[in-house]
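Visitor: Just dropping this structure here.
The values are calculated or read from the model by the stated rules, or taken from the named source; none is laboratory data. Keep in mind that what you see is a predicted model, and the values were worked out from it rather than measured. Neighbour counts are summed over all protein chains in view; Cβ atoms, including those assigned to glycine, are modelled from backbone coordinates with ideal geometry.
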């Protein structure tokens with residue numbers, strides 16, 4: 001049983017992380033999960049839960065919070081007329097299908113494998129956020145036909161394996177296909193809802209062993225972690241939306257990219273040692 005001081009310290013840590021994740025969701029369209037998964041992993045390990053399924057609990061809890069965070073974010077962006085609804089409607093079915101397959105894959109993998117996947121994909125995302133430019137283009141419009149049918153499930157699938165919303169993959173994808181960055185961020189919040197809802201429902205039915213299951217965990221979703229983060233993101237996500245429409249997020253995105261590279265390398269280090 002963890003001592004009271006440690007529990008209170010980790011509670012304060014999750015409160016701060018939850019607030020930070022909410023701002024990121026609105027500002028950069030990344031849904032917050034890219035921060036929440038490592039934060040949950042650190043917290044649950046510190047509390048003594050380090051079984052072979054602990055990463056599933058981190059992914060599931062993160063995705064559950066993204067339902068609320070992304071929904072709040074997309075509503076805020078929609079009020080400003082920034083959401084590209086045709087993209088959401090066209091890509092939605094594929095994203096949902098990919099998310100469901102992602103849950104099945106995550107349920108079958110061990111925690112160490114998911115750590116390696118998270119670390120490797122986070123390195124790619126971190127490099128793009130650090131060195132990428134909004135002016136980069138590979139096409140003048142979003143993919144359609146066979147490319148859309150391939151890309152949309154891939155966005156959902158990879159996002160679930162990382163426990164993140166669709167922004168980390170969706171924003172670069174849309175930006176590279178000539179969608180203005182503010183509209184890409186707004187639309188990616190909708191990707192997050194499409195990814196998080198089916199995957200969180202799926203994770204509710206995952207049987208998690210005691211060594212990986214913190215108290216008050218239903219399926220793979222930890223309720224205290226979910227509630228703490230949601231309480232903060234509901235407050236801070238609107239702030240991120242306002243900042244996204246009033247500031248140039250470029251410098252912050254690059255700084256966060258460097259931070260993400262460090263987080264990814266640390267996750268890979270833990271997987272290597274564990």
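Visitor: Mind telling me which of the residues 16, 103, 57 ends up being surrounded by fewer than 24 Cβ atoms within 10 Å (Cβ to Cβ) and either assigned to a helix (DSSP H, G or I) or at pLDDT below 85 (or both)? Show your work before the answer.
Guide: Values: 103 fails: surrounded by fewer than 24 Cβ atoms within 10 Å (Cβ to Cβ); 57 fails: surrounded by fewer than 24 Cβ atoms within 10 Å (Cβ to Cβ).
Testing whether each residue is surrounded by fewer than 24 Cβ atoms within 10 Å (Cβ to Cβ) and either assigned to a helix (DSSP H, G or I) or at pLDDT below 85 (or both) leaves just 16.
Visitor: A follow-up question, please. For the condition within 19 Å of residue 113 (Cα to Cα) and within 20 Å of the chain's Cα centre (by Cα), what is the one hit in 231, 264, 200, 196?
Guide: Values: 231 fails: within 19 Å of residue 113 (Cα to Cα); 200 fails: within 19 Å of residue 113 (Cα to Cα); 196 fails: within 19 Å of residue 113 (Cα to Cα).
Result of the check over 231, 264, 200, 196: 264.
Visitor: Restricting to the stretch 235-253, name every residue that is modelled with pLDDT of 80 or more and exposed (fewer than 15 other Cβ atoms within 10 Å of the Cβ).
Guide: 235
Visitor: Looking at residue 51, is it at positive phi, at pLDDT 90 or above and surrounded by fewer than 24 Cβ atoms within 10 Å (Cβ to Cβ)? Steps first, please.
Guide: Working: at positive phi: no; at pLDDT 90 or above: yes; surrounded by fewer than 24 Cβ atoms within 10 Å (Cβ to Cβ): yes.
No: the conditions fail for residue 51.
Visitor: Are any residues in the stretch 146-174 surrounded by 18 or more Cβ atoms within 10 Å (Cβ to Cβ) and over 15 Å from residue 88 (Cα atoms), and if so, which ones?
Guide: Going residue by residue through the stretch 146-174, those that are surrounded by 18 or more Cβ atoms within 10 Å (Cβ to Cβ) are 151-153, 155-174.
The answer is 157, 158, 159, 160, 161, 162, 163, 164, 168, 172.
Visitor: Which one is nearest to the chain's Cα centre (by Cα) among residues in the stretch 143-166 that are under 20 Å from residue 203 (Cβ atoms) and assigned to a loop (DSSP other than H, G, I, E, B)?
Guide: Within the stretch 143-166, the match that is nearest to the chain's Cα centre (by Cα) is 164.
Visitor: For the stretch 184-229, which positions are within 19 Å of residue 92 (Cβ to Cβ) and surrounded by fewer than 19 Cβ atoms within 10 Å (Cβ to Cβ)? Can you show your working first?
Guide: As a first pass, look at the stretch 184-229 and keep what is within 19 Å of residue 92 (Cβ to Cβ): 184-202.
Those that are within 19 Å of residue 92 (Cβ to Cβ) and surrounded by fewer than 19 Cβ atoms within 10 Å (Cβ to Cβ): 197, 201.
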